[in-house]
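The values are calculated or read from the model by the stated rules, or taken from the named source; none is laboratory data. If you're wondering where the values come from, they're calculated on a predicted model, not measured in any experiment. With ideal geometry, Cβ positions are generated from the backbone for all residues, glycine too; neighbour counts draw on all protein chains shown. Each accessible area value is taken on the protein alone, full model and side chains, heavy atoms only, with ligands, DNA and RNA left out. Shrake-Rupley method; radii C 1.70, N 1.55, O 1.52, S 1.80 Å.
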Amino acid sequence: MATLSSYTSSPPRILHRQQSKPILFPPDSTPSIRQLYTKPISVSRRSRGAINATAAASDTSGNSNASSPAKKLREIMQSPGVLQGPCCFDALSAKLVERAGFPYCLTTGFSISAARVGLPDKGLISYGEMVDQGQQITQAVSIPVIGDGGNGFGNAMNVKRTVKGYIKAGFAGIIINDQVSSGGGRGVVSREEAVMRVKAAVDTRRECGSDIVIVAQTDSREVISLEESFSRARAFTDAGADVLSVDSLVSREEMKSFCNVYPLVPKLANMLETGGKIPMLNPLEIEEIGYKLVAYPLSLIGVSIRAMQDALLAIKGGRIPPPGSMPSLEEIEEILGYDTYREEEKRYATSSSSDRGSSRRSVYGGNQRVVQDDSEQRVDPVVEVMIPEVVSNESRNPFSRIWSRSLRIKIIGRDGIEKLDVRIPAGFLEGVTNIVPALGGVNLKQLMDDAADEVGGKLLLDFKDTAGDRIQVFLE
């Protein structure tokens, strides 16, 4: 499947230009792009189909789809500036995109295939798995999401089923490409078959009474020619596509030429962060060229993989991930909405559930005592006091002076990058192995006792753990 992303609400926008940019017309007001070049202007088949889709866009109760995900996406695309859309791959990554302030996001078959089944994006993930993952994503956020529909999982009839499934899953838009097989090499179907895929998607939208945004993408630039990719883009627009994308453009000039193909039709730039041919440009440059949307398909899945690798390497080396490399438990709970859940839970509390004590499970499986609302039954909180292990305060014992010193722990990765540099009171020995488990079994107390009379920094330990990281402990 093509690697493309999804959109969130309130994105970082570039607002430096006063002139209007290409916008995505609502289905009921989209003029024929080809007729914009001739006089007089009339409504084309593309517009009539879109108008019919809008007229039919209502639910079984007769309510219009004014607040549908697609409607939100169309409204967002009418705002000024280029719109950045990171690509998510599950509900959590979509939540993070929304929390970061992006107005929309995309999904990508590449990332979902990696995250859900741990397999390459070579057509191994099924239509059902993509729809199920997509539904989990759209239900987790309030921003519109553009789903990667790949090649529609087959011919035009498969495309129709795919579009129906993506509409029911709550997607605001769907990307349909002209690849022979999703993710399977760079072969493309004929122009005629590619156009039929787009036409099938447009027909399905009308039949379902939906206004889902159809993004038509071609991979023919690399397989056939630049001119063929532009010809397909024009044909996709005539068939009813709302947004156009040409993959594997290799220069600013090619990107600019593409944006000049039906300039009023929004264009999507796929900024493949690594391994791609398209020039990596900043949002201002992308907007200047003429694009409306820009997707970042690999950023989230890529940094997630690297972060997990680093954490596993630390654990294997007898350590935990260094402070700052991961959020606190409170931050994780806040991201997942624990506070909101607890507040809402109170609305449904009953006296019987209160009598049962309704203890809450901790993240490690232990029970935490819950204080009852009844003041007469209120139980004082249990406070666990941790007393550091210290040596006698007798003046003749040199360790009694350790309390005025600090223990510095420094870790340098085998790649030469500093992973940890922390100072703790030298008298607190209990927590040291919590920071660096590799120090377990080392008699730090004896080492500090021997160095108690040293003035200035004293190196107590200097060794490499099983992961190849250098661990140094200083008494300061």
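Surface exposure of segment 67-303, expressed per residue as accessible area with a 1.4 Å probe, stands at 34 Å². Straightening the chain between Q472 and E343 buys 41.8 nm, computed as 0.36 nm per residue apart minus the Cα-Cα spacing. The share of accessible area on segment 404-473 that comes from carbon and sulfur is 48 percent, using a 1.4 angstrom probe. With a ≥ b ≥ c taken as the square roots of the eigenvalues of the C-alpha gyration tensor of segment 67-303, please select rounded if a/c is under 1.5 and otherwise prolate if a/b is larger than b/c or oblate if it is not? Rounded is the answer for segment 67-303, as its axis ratio a/c remains below 1.5.
Residue separation of M308 and A100 scaled by 0.36 nm, minus their Cα-Cα distance, works out to 72.8 nm of gained length. Compactness of segment 199-268 was expressed as the Cα radius of gyration divided by 2.2 N^0.38 Å, which yields 1.14.
Cβ-Cβ distance of D450 and S328, R₀ of 45 Å, FRET efficiency by 1/(1 + (r/R0)^6): the value works out to about 0.80. Rounded to the nearest angstrom and listed largest first, the equivalent-ellipsoid semi-axes of segment 404-473 from its Cα gyration tensor are 21, 13, 11. Were the residues from M196 through T274 laid out at 0.36 nm apart, the gain over their Cα-Cα distance would be 24.9 nm. Model label sites at S181 and T350, defined 7 Å from Cα along the beta-carbon direction, differ in position by 5.5 nm. The charge dipole of segment 404-473, taken about its Cα centre with unit charges on the Cβ atoms of Lys, Arg (+1), Asp and Glu (-1) only, comes to about 140 debye. Between I335 and V422, the simple label model (points 7 Å from Cα in the Cβ direction) yields a spacing of 1.9 nm. In terms of its C-alpha gyration tensor, segment 104-224 comes out oblate, because a/c is 1.5 or above while a/b does not outweigh b/c. Between S299 and S67, the modelled label-to-label distance comes to 3.0 nm, taking each label 7 Å out from Cα in the direction of the beta carbon.
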